[in-house]
Ligand SMILES: [Ca+2]
């Protein structure tokens, strides 16, 4: 029941943009009912970067960075400032696979971040009915890759500016879905903030590995995780520069 409700919610949020495919990866970030498309820059045959930029919404702002490997994996780093009332954020990135993936296959995920309580009245991060981060192998957003991670976390009143870690969470490697062949990898991150200027810094990663009978070594996930860091550093540097101004 709960899974069904979550899928329905994801479909309602995700279907319009994901219906409009192009040759490369594409994606968007949405706050409540307001949405912006992400921009991508091709680095090599299989690698794209998510162009680091800031989107200013009526109820907050989101800075993004990240990387898409059509081989495939997707990393997304974002910083979300939630102004006014609590706001729902959904970010979705779809990558066409360089080579379709059948079975067997394996999937992994990782998610970590932090949350800052702007005014000291408490801060929370709430999933929108399912995991904060999940991957999908098809534009229909079904099935899941089975590596959904990220749960509710919150903290009560404290000093304004108090910052707390979120996670870290990780899942996999696990056997991914069949039968395929799958032609897409989709990363979706979705959660609700606590408003009032509270700020969320999130790093998410989804890895989908084709054609292996054995799950990859944990070290492979660690290496992939390391690729997330530079994107985050870019965002943090930009934020630091802005604050210094
Ligand atoms: Ca707060």
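No value in this document is a laboratory result; all are computed from the given coordinates. All values derive from a computational prediction rather than experimental measurement. Methodologically, a virtual Cβ is constructed for each residue, glycine included, from the backbone with ideal geometry; neighbour enumeration extends over all protein chains shown.
Using the basic label-point model (7 angstrom from Cα toward the beta carbon), what is the residue 47 to residue 103 distance in nanometres?
Between residue 47 and residue 103, the label points sit 3.4 nm apart.
Fewest first, what order do 151, 81 take by the number of other Cβ atoms within 10 Å?
151, 81
Take residue 139 and residue 56, extend 7 Å from each Cα along the Cα→Cβ direction, and tell me the distance between the two endpoints in nm.
In this crude label model, residue 139 to residue 56 measures out at 3.4 nm.
Run the quick spin-label model on residue 121 and residue 155: label points 7 Å from Cα toward the beta carbon, then report their separation in nm to one decimal.
So the two model labels end up 1.8 nm from each other.
Using a 10 Å cut-off around each Cβ, can you sort 44, 75 from fewest to most neighbouring Cβ atoms?
So the residues, fewest neighbours to most, are 44, 75.
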